[in-house]
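Below: the structure, in C-alpha cells.
The values are calculated or read from the model by the stated rules, or taken from the named source; none is laboratory data. Every value quoted in this text rests on a predicted model; they were computed, and no experiment measured them. Backbone-built Cβ (ideal geometry, glycine too); neighbour counts: all protein chains shown.
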Amino acid sequence: MGLLVECPECKKRNSQKAKKVKYGFALAKFSGRVYWIEWYQEGQRKRERIGSNKSAADQRLQEVLSARAEGRYIKKSPDAQTPFRNLAQWYLELPEVKAKRSYEKDQMHCKRLMAHFGDLLLRDITPAMVEAYKQKRLSENSHRRKPTKPATVNREVTTFKTIFNKAIRNGKAERNPAQGVKLLKENNERDRILNAEDMPDFWPIPLIT
C-alpha cells in the first residue's frame, strides 16, 4: 500500500523504492516516471493513476487514507481524469465568464493556454511547467510580430489561475498548479512629450542673455 511507479516498458506498477525491475530496467534513473497510489478498502485493493507529479501523488494518497480512516466515500480525483483542455472549455461556457466585457480576451488567452497545456491531465501540471510557459511566451512574437510583452504573459497566467480557482470552488479540480507562481515585472513607463498646457508655470522658459 502506498506510492507506486509504473514501468514504461512492461507497465507493471512497482514500489517507489525499487531501483530496477526484474529484467533490469533502471527505474530509479528514469525521469519520465508515472505514479500510482494503492490502498485497501474493505479488503479490496484499489489503485488510481495520478501522473508524473510525485507531490500530487503524495497529496492524493493522504486524502484517500484520511477519507478511509473517517469512513467517508472515496471518490476519484477530478485531477486524475480531466485534461486541461476540458477545464478551459468548461470555464469559457460559464455564464458569468461569457458576460464579461473582456470575454474575447479570455477566449484568446485560453486558446494559447490550451495549445501548451491542453492534453495534460490536471494532476500532471506543475508550477515548474507554468514558469516554463512564461519564459516560452516571452520568447515568442505577438500577432504584431513584436516580442510578447510581460503584461500579456501576466494576463494569460492570471486567466490560468482564475480557471483553476473557479474549478476548485465547483469541485472540478483539487489544486491550483499556478498558486505561488509570481507574475512578471511590467515596464509601465512611457515617454511623454510635455507641452505648454502641461507646464503652465514654467512655459515659456525665459532666455538667458
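When the residues of the range 61-81 are narrowed to those that are in contact with a Phe, Trp or Tyr (Cβ under 9 Å, 6 or more places away or on another chain) and touching a residue at least 12 places away in the same chain (Cβ under 8 Å), which ends up farthest from Gly2 (Cα to Cα)? Only one residue tops the list, namely Ile74.
Selection of the range 1-47 for residues being in contact with a Lys or Arg (Cβ under 9 Å, 6 or more places away or on another chain), modelled with pLDDT under 75 and aliphatic (A, V, I, L, M) yields Met1, Val21, Ala26, Leu27, Ala28. In the range 39-60, what residues are in contact with a helix residue (DSSP H, G or I) (Cβ under 6 Å, 6 or more places away or on another chain), without any contact (Cβ under 8 Å) to a residue 40 or more places away in the chain and among the polar types (S, T, N, Q)? Of everything in the range 39-60, nothing turns out to be in contact with a helix residue (DSSP H, G or I) (Cβ under 6 Å, 6 or more places away or on another chain), without any contact (Cβ under 8 Å) to a residue 40 or more places away in the chain and among the polar types (S, T, N, Q). Among the residues of the range 75-89, none qualifies, meaning not one is touching a strand residue (DSSP E or B) at 6+ places or on another chain (Cβ under 9 Å), surrounded by 20 or more Cβ atoms within 10 Å (Cβ to Cβ) and basic (Lys, Arg).
Criterion first (touching a helix residue (DSSP H, G or I) at 6+ places or on another chain (Cβ under 7 Å), among the charged types (D, E, K, R) and part of a helix (DSSP H, G or I)) does Asp106 satisfy it? Before you say what the answer is, go through the steps one by one.
Details: touching a helix residue (DSSP H, G or I) at 6+ places or on another chain (Cβ under 7 Å): yes; among the charged types (D, E, K, R): yes; part of a helix (DSSP H, G or I): yes.
Criteria met by Asp106.
Consider Arg68 carefully, then state whether it is modelled with pLDDT of 95 or more and at negative phi. For Arg68, the condition - modelled with pLDDT of 95 or more and at negative phi - is not met.
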